Amino acid sequence: MRDSVVFGVLWVVLSAVLEWLLHPLATHFYIYVASNTAVSGQKAAAFIFSIALPIFVFVVLMLIYGAARFRRKPGETGNSKHQFKTNKVFILFWFGLSLVANLFLFVHPTASAEQYYFSTINQPGPNGQQPLIVDVTARQWEWFFSYPQYGITQAVDSNGNDFLELPVNRPVKFVLRSYEPNHTYDPQADVIHSFWIPAFGMKTDVIPGLTRYEYVTPTKITSTQANQMARVQCAEVCGPGHPWMEADMAVVSSANFAKWIQQEKKLQGS
Ligand SMILES: [Cu+2]
């Protein structure tokens, strides 16, 4: 009984101290957060960490406490009197607790974050704006961005490089395709790529012959120049050019986005 109390106190104190010490780390699992998806991912990671830490402390502390407290004393022979082969109450308790912890973490944050994600699909933004549609085409080894709502077929920056520009706080619907020169839905046309924006906490494979979608709302004004996490990166090995298959991007105010659209239209016309 005394051991249970000592162990319980040690467990609670150690867990509390480690939660407090490691809390700053847990809030930075996502190195850079710039979208609603990244915010919910970061929250989920920190929450799971806070639940997992006391479980980790329990297991490790039990090993150390058991080895130190119940070790065989000098001169003792045979099995320690503390040893037992099975304890139905403990097994039932451990199995039950594991089951409850797993079910709980499945419901929250996993399923609740999924539900939030699906609830944002095709929903208007806070100011009633319709989602911005960006057609993304991946090919070896380049990303193309076009904005069908604005008649922009290939967005580029002032150096002529492919560029993704998004307005802050407006939902975005990415339409993802692998390059098909003749639009024949030829599954051999290009290879599998993966559309990844680290700062947005999202990644979706781009598969030849399929049109896939990804939904996100940028929540922070940023750019590749400001932080390298804000970039488009291929995340599926797709050939020798794969490591360099990236594109710069920027998240800007809606006023600056409107200006950028006008500039791009001029570029398209020239
Ligand atoms: Cu790649």
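No lab work stands behind these numbers, since they all come straight from the coordinates. As the structure is a computational prediction, the values presented were derived from the model and not from experiment. Cβ atoms come from the backbone with ideal geometry, glycine included; neighbour counts cover every protein chain shown.
Going from the fewest other Cβ atoms within 10 Å to the most, the residues 253, 158, 178 appear in the order 158, 253, 178. The sum of -39500 (n - 2.57) across all DSSP H runs of n ≥ 4, divided by the residue count of the chain, sets its helix-only mean residue ellipticity at 222 nm to -13000 deg cm²/dmol.
Multiplying the residue separation of residue 254 and residue 61 by 0.36 nm and subtracting their alpha-carbon distance yields 64.1 nm. Measuring r between the beta carbons of residue 98 and residue 140 and using R0 = 51 Å, the FRET efficiency lands at 0.65.
Across 81, 259, 173, mean-square fluctuation computed from a Gaussian network of the chain (C-alpha pairs under 10 Å connected) peaks at 81. Among 21, 92, 61, the largest mean-square fluctuation in a Gaussian network model of the chain (Cα springs under 10 Å) belongs to 92.
Modelled this way, with points 7 Å down the Cα-to-C-beta line, the labels at residue 118 and residue 3 are 4.8 nm from one another. Counting lysine pairs in the chain that sit 8 or more residues apart in sequence, or on different chains, and whose Cα atoms lie under 22 Å apart gives 10. A simple spin-label model places pseudo-atoms 7 Å from Cα toward Cβ; at residue 39 and residue 69 they are separated by 4.5 nm.
For the chain, hydrophobic long helices are taken as DSSP H runs at least 30 Å long by C-alpha position along their axis with mean Kyte-Doolittle hydropathy of 1.0 or more; these are 2-26, 36-69. Here the Gaussian network model covers the chain, with springs between Cα atoms less than 10 Å apart; of 96, 128, 75, 75 fluctuates the most. Modelled spin labels at residue 212 and residue 237, positioned 7 Å past Cα toward Cβ, are 1.8 nm from each other.
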